[in-house]
Amino acid sequence: MTKIITLDGPSGSGKGTVGRALAIDLGFNYLDSGLLYRSLALNALINHLDLNDEFGIAATVNDVSLEFSLCSPVVTLNGADVTDEIRSERVSLASSKIAKYSLVRKRLVDFQRKFSRGDGLIADGRDMGSVIFPSADLKIFLTASVKVRAVRRYKELIARGENVSLRDLERRIALRDKGDRERKVSPLIAGEGAIVIDASEKSVNEVKKEIIHYFDLIPSV
């Protein structure tokens, strides 16, 4: 039976970095659900689609082909290298908008569950443990302070050559957290039985080791 570890939490809490490290160490498949929403957002922007058109965006779910590797930072969307663009603040804001659409989220449920195969899966997102994999073997809710997450995002964007304000990023992250927590469909919550880890003052390796410790405590069937 496939073992499943879910990693939920707000934007910038380190889910992606920790999730990839865990998948490599454990030899598990990896699902970055955030990239799915970003790919839909980028596809919509590229094709000049109306981001306010929930039905129109949902209709593009089957038109998007996303590929990424644990060992490589390259991300391809429909065959094109979008590694830098998909992480841009423009795409981030668009992704946050379409992620609130219930029809989009519903159409992605089965798609995400298909990643559960082989020995195990690390599923990273906002609703992995609460909605997509409610019976996961281990549920982790990874968080960090708004200030810490804003600084991380600021450094990432500056390194990519984007002109951003740290104060604006803090404000946007706080607003996004509020929107994620209060949305009607798949709100950002710790799934039942989830272990909460505050990564504000912890390294990626420290968080990874803590999660593996909890995973090792799971009884073998």
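The values are calculated or read from the model by the stated rules, or taken from the named source; none is laboratory data. Only a predicted model underlies this, so the values are computations on that prediction, with no experimental measurement involved. Here the Cβ is made from the backbone with ideal geometry for all residues, glycine too, and neighbour counts use every protein chain on show.
Val104 versus (1) of a type in the set (A, V, I, L, M, F, W, C); (2) within 30 Å of Ile212 (Cα to Cα); (3) touching an Asp or Glu at 6+ places or on another chain (Cβ under 8 Å): which is the lone unmet condition?
(2)
Assess whether Asp63 counts as being surrounded by fewer than 21 Cβ atoms within 10 Å (Cβ to Cβ), over 18 Å from Ile132 (Cα atoms) and at pLDDT 95 or above.
Against the criterion (surrounded by fewer than 21 Cβ atoms within 10 Å (Cβ to Cβ), over 18 Å from Ile132 (Cα atoms) and at pLDDT 95 or above), Asp63 does not qualify.
As an exercise: evaluate Ser33 against (1) of a type in the set (S, T, N, Q); (2) more than 22 Å from Lys178 (Cβ to Cβ); (3) crowded, with 20+ Cβ neighbours inside 10 Å and give the number of the one condition it does not meet.
With respect to (1) of a type in the set (S, T, N, Q); (2) more than 22 Å from Lys178 (Cβ to Cβ); (3) crowded, with 20+ Cβ neighbours inside 10 Å, Ser33 is out only on (2).
Is it fair to say Leu157 is free of Cβ contacts under 8 Å to residues at least 24 places away in the same chain, over 24 Å from Val104 (Cβ atoms) and either touching an Asp or Glu at 6+ places or on another chain (Cβ under 8 Å) or surrounded by 13 or more Cβ atoms within 10 Å (Cβ to Cβ) (or both)?
Here the answer is no, as Leu157 does not meet what is asked.
Six or more apart or on different chains, Cβ atoms under 7 Å: show the pairs whose first residue is in region 35-58 and free of Cβ contacts under 8 Å to residues at least 12 places away in the same chain and whose second is surrounded by fewer than 21 Cβ atoms within 10 Å (Cβ to Cβ) and in a helix (DSSP H, G or I).
Leu49/Gly56; Asp50/Gly56
Could you tell me which residue of region 170-221 is farthest from the chain's Cα centre (by Cα), considering only residues that are of a type in the set (S, T, N, Q) and more than 26 Å from Ala94 (Cβ to Cβ)?
It comes out as Ser220.
Identify all residues within region 183-216 that are part of a loop (DSSP other than H, G, I, E, B) and over 30 Å from Leu103 (Cα atoms); write none if there are none.
Those that are part of a loop (DSSP other than H, G, I, E, B) and over 30 Å from Leu103 (Cα atoms): Ala199, Ser200, Glu201, Lys202, Ser203.
How many of the residues making up region 171-184 are out of contact with any Ser or Thr (no Cβ under 8 Å at 6 or more places or on another chain) and surrounded by fewer than 18 Cβ atoms within 10 Å (Cβ to Cβ)?
So the answer is 7.
Is there a residue in region 167-182 that is closer than 15 Å to Gly9 by Cα, of a type outside the set (Val, Ile, Thr), part of a loop (DSSP other than H, G, I, E, B) and modelled with pLDDT of 90 or more?
For region 167-182, residues closer than 15 Å to Gly9 by Cα, of a type outside the set (Val, Ile, Thr), part of a loop (DSSP other than H, G, I, E, B) and modelled with pLDDT of 90 or more: absent.
Which is among the aromatic types (Phe, Trp, Tyr), surrounded by fewer than 20 Cβ atoms within 10 Å (Cβ to Cβ) and at pLDDT 90 or above, of Phe55, Phe28, Phe111, Phe68?
Phe55
Note down all Cβ pairs under 7 Å where the first residue falls in region 77-94 and is under 22 Å from Asn62 (Cβ atoms), the second is assigned to a loop (DSSP other than H, G, I, E, B) and of a type in the set (Ser, Thr, Tyr), and they're at least six residues apart or on different chains.
As it stands, the answer is Asn78/Ser65, since those pairs meet every condition given.
Tally time: how many residues in region 121-142 are crowded, with 23+ Cβ neighbours inside 10 Å and not hydrophobic (A, V, I, L, M, F, W, C)?
6
Just need a number here: residues in region 1-37 that are among the hydrophobic types (A, V, I, L, M, F, W, C) and closer than 26 Å to Thr60 by Cβ.
Count: 3.
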